[in-house]
1. For segment 14-109, which helices (runs of 4 or more DSSP H) that fit wholly inside it have 3 or more residues that are surrounded by 10 or more Cβ atoms within 10 Å (Cβ to Cβ) and among the aromatic types (Phe, Trp, Tyr)?
2. Quick one: how many residues across segment 6-45 are in contact with a strand residue (DSSP E or B) (Cβ under 8 Å, 6 or more places away or on another chain) and of a type in the set (Gly, Ala, Ser)?
3. In segment 12-28, which residues are at pLDDT 80 or above and not aliphatic (A, V, I, L, M)?
4. Just to be sure I understand the filter: pairs with C-beta atoms under 8 Å, separated by 6 or more residues or on different chains, first member in segment 39-68 and over 20 Å from Asp82 (Cβ atoms) and free of Cβ contacts under 8 Å to residues at least 40 places away in the same chain, second member among the polar types (S, T, N, Q) and in a helix (DSSP H, G or I). Which pairs pass?
5. Residue check, Glu75 against (1) in contact (Cβ under 8 Å) with a residue 40 or more places away in the chain; (2) in contact with a Pro (Cβ under 7 Å, 6 or more places away or on another chain), all met but one. Which one?
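The values are calculated or read from the model by the stated rules, or taken from the named source; none is laboratory data. Predicted, not measured: the structure shown is a model, and the values here were computed from it. As a convention, Cβ positions derive from the backbone with ideal geometry for all residues, glycine included, and neighbour counts pool all protein chains shown.
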Amino acid sequence: MDILNPDISKTLRNIIDSLEEIKALSLKKNKIFLDANEAAEFTGYKKNTLYSMCSKGEIPHYKLNEGRLFFSVEEIENWILDKKHRRKTNFQIDADAQTWLNNKKITKR
């Protein structure tokens, strides 16, 4: 690439870098298990927070004999999507409150 025009050389380098990034992301996507660093990147939590959550039993994980933690991608995705982690919208909160008030009126009668 050194014999090419500098602009073309730079463009080719950017394309190659982008392709390498896409390849790395593709390999990660096909993984079944993540190590602690990958799980931190995947969830957005800091690694220390993940360790703390593991010790409290708050997040699904596997621990090998030598103490290394691994996380199942599928289990982490399900854990994230679990209803108890989902924050309701204001509309849903209002609807739940109205349902509760309606049920309260029915049981008072």
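1. Values: elements: 36-43, 47-55, 73-81, 90-108.
Correct list: empty, since no element meets the threshold.
2. Summing the residues that are in contact with a strand residue (DSSP E or B) (Cβ under 8 Å, 6 or more places away or on another chain) and of a type in the set (Gly, Ala, Ser) in segment 6-45 gives 2.
3. Residues satisfying the conditions are Arg13, Asn14, Asp17, Ser18, Glu20, Glu21.
4. What qualifies is Lys47/Asn37.
5. (1)
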